[in-house]
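Scroll down for the structure; my scribbles are underneath it.
The values are calculated or read from the model by the stated rules, or taken from the named source; none is laboratory data. What you see is a predicted model; the values in this text were computed from it and never measured. For neighbour counting, all protein chains shown are included, and Cβ atoms are generated from backbone atoms with ideal geometry for every residue, glycine included. These area figures cover heavy atoms from the full protein model, side chains too; ligands, DNA and RNA do not enter into them. Shrake-Rupley method; radii C 1.70, N 1.55, O 1.52, S 1.80 Å.
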Amino acid sequence: MIGFIIAGLVIGALARLFTPGKQKLGLLATLLLGLAGSVIGGTIAAILGTGSIFELNVFGFIIAVISSVLLVGTAESLSARHKNSSITR
């Protein structure tokens, strides 16, 4: 379980590194998005038969980072949209 959390944090940090622009996400959001990305990556790898959901392999890791980048980008755009809508009210 601790390894899963550490992997999620590493994947979340890599996702923030690969996402263009400055992100205003905190450590907890980075961890949660990294964990979500690693679950997505592990699930896709398991569906394709390259390993189990909790087994970190190269293919699952790459998919986890890509999905985390998409999640970080989505979280940033939703956060910016929410801030802009509250300013205009």
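Restricted to the stretch 1-55, and to residues that are β-branched (Val, Ile, Thr) and touching a Ser or Thr at 6+ places or on another chain (Cβ under 7 Å), which residue is nearest to VAL65 (Cα to Cα)? Checked the stretch 1-55; the qualifying residue nearest to VAL65 (Cα to Cα) is ILE11. Selection within the stretch 21-74: residues that are of a type in the set (Ser, Thr, Tyr) and part of a helix (DSSP H, G or I). The member of this set that is nearest to GLY3 (Cα to Cα) is SER38. Looking at (1) open to solvent by less than 60 Å² (accessible area, probe 1.4 Å); (2) in contact (Cβ under 8 Å) with a residue 24 or more places away in the chain, which is the only condition ALA45 fails? Going through (1) open to solvent by less than 60 Å² (accessible area, probe 1.4 Å); (2) in contact (Cβ under 8 Å) with a residue 24 or more places away in the chain one by one, ALA45 breaks only (2). The listed residues are PHE18, PHE61, PHE54, and the only one of them that is open to solvent by 60 Å² or more (accessible area, probe 1.4 Å), of a type in the set (A, V, I, L, M, F, W, C) and modelled with pLDDT under 75 turns out to be PHE54.
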